[in-house]
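The block underneath contains the structure these notes are about, expressed in structure tokens.
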Amino acid sequence: MKAKILLFLLLAPCLLMAQYDYGFDFAKTGSGGLQFLKIGVGARESAMGEAVAGDVKDVNAVYWNPAGLAYATRYQASFSHNTWLVNSRQLAAAVAIPFKTFTVALSALSFAIDDFEETTVTSPEGTGRMVSAGDLMVGLSAARMFTDKLSIGGQVKYVREKLDDYSINNLLFDIGALYYTGFRNLRLAFSLQHFGPDMELVDQEYRTPLLFRINATDELYKSEEMAWTLGAELVHPTDNVEIVNIGTELQLHQLLFLRAGYRFNTDEGKLACGFGLVTPAMAGVNLRLDYSFVQSERVFDDIHRFTAGFTF
């Protein structure tokens, strides 16, 4: 029975993608909408090169692999800030609530840019009219441990993208699984993100930015004082080429975390690094602070992310 469940989870994303004919014969760059959903959320996750679908086992799993949410056995809250490209910014917040047999989470994500002046063919220097744009996502997730080795999670999320007087609204779905193989501490994970119907804006149809992640993660060394984790992940978007992510984390006394990662086959954001600090429990509350630095190889500024997490 367990084998049938795992086989179904591995095959289901392929069947869904085939049904919607997203096409993988060549890179369809620029053919998908809601691109803000592809920006990584969380300082820890970005510092590890985004190779985390098999290693994010807290409330931030809602942004990568909802199956990891099943490991949030205490109340958790997370808040992230990301200074993105060209003065744009990303804000994210998520709260996890555990129950007896499963965990649920509510999350929100916003992406905003500075207002800019409208230009037209007849007024190339500007009309004096300011234009605003931005994106919003609100999600509801749930995950459960089906065995001591297998967890499965899903998410439904409302998304909205606005540009001046135009807007797109949609309802998208995520599904994921996390499986401990029993060999060492090796776990395998997959997640299918942003699955939903096509959208239309000004008589132009857009597909969702569907992502398929496959991850393998293991602890190369583990003791009471130190743990060294290494993960590798293949990311298959439907509107671009495949990306391979490699990430590592060194944990010292469960208080200090040093991280690094690299993303192959992408033009921007290849090299990443960062650190995390966990404070001793105060009044039953643990505070976790994470920072990541992602180098920009071309014309953009380097990217800095900050995350604050609470467990209580």
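Here, each number is a calculation from the coordinates, and none is a lab measurement. If you're wondering where the values come from, they're calculated on a predicted model, not measured in any experiment. FYI the Cβ positions are ideal-geometry reconstructions off the backbone, even for glycines, and counts take in every protein chain you see.
Laid out as a table, the results:
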item: Two-site label geometry, residue 226 and residue 255: point separation in nm, points 7 Å out along Cα→Cβ; result: 1.6 nm
item: Zone of residue 300's modelled label, taken as backbone nitrogen in the range 108-128 under 19 Å from a point 7 Å along Cα→Cβ; result: 109-116
item: Rough spin-label spacing in nm, given labels placed 7 Å along Cα→Cβ, for residue 264 and residue 138; result: 4.2 nm
item: Simple Cβ-charge dipole of the range 191-230, Lys/Arg +1 and Asp/Glu -1, about Cα centre, in debye nearest 20; result: 100 debye
item: Given charges at Cβ of Lys, Arg, Asp, Glu: the chain dipole, positive-most of 309, 127, 227; result: 227
item: Computed E for residue 186/residue 99 - FRET, C-beta separation, R0 25 angstrom, nearest 0.05; result: 0.30
item: Computed log₁₀ I(q)/I(0) - Debye formula, equal Cα scatterers, no solvent, the range 161-312, q 0.10, 0.11, 0.12 Å⁻¹; result: -0.53, -0.63, -0.74
item: Dimensions (Å) - the range 51-134, Cα atoms, principal axes, largest first; result: 63, 24, 17
item: Extension reserve of the residue 203-residue 242 stretch, reckoned as 0.36 nm per residue once the Cα distance is removed; result: 11.1 nm
item: Given charges at beta-carbon only (K, R positive; D, E negative), |dipole| of the chain in Debye; result: 1540 debye
item: Dipole magnitude (debye, nearest 20) for the range 51-136, charges at Cβ of Lys, Arg, Asp, Glu; result: 640 debye
item: Other-chain or far-sequence residues with amide H under 5 Å of residue 146's (modelled H); result: 151, 152
item: Tensor-based shape of the range 131-180 (alpha-carbon gyration tensor, a/c under 1.5 rounded, otherwise prolate or oblate); result: prolate
item: Scattering profile of the chain at q = 0.09, 0.11, 0.13 Å⁻¹ [log10 I(q)/I(0), Debye over alpha-carbon scatterers]; result: -0.46, -0.69, -0.96
item: The range 155-193 and the range 70-103: distance between their alpha carbon centers, rounded to Å; result: 13 Å
item: Among 256, 106, 211: highest mean-square fluctuation, GNM of the chain, C-alpha pairs under 10 Å; result: 256
item: Hz values of 3J(HN,Hα) by residue in the range 156-172 - Karplus curve (6.51, -1.76, 1.60), Gly and Pro given as x; result: 10, 9, 8, 10, 9, 10, 10, 9, 6, 8, 10, 7, 10, 10, 7, 10, 10
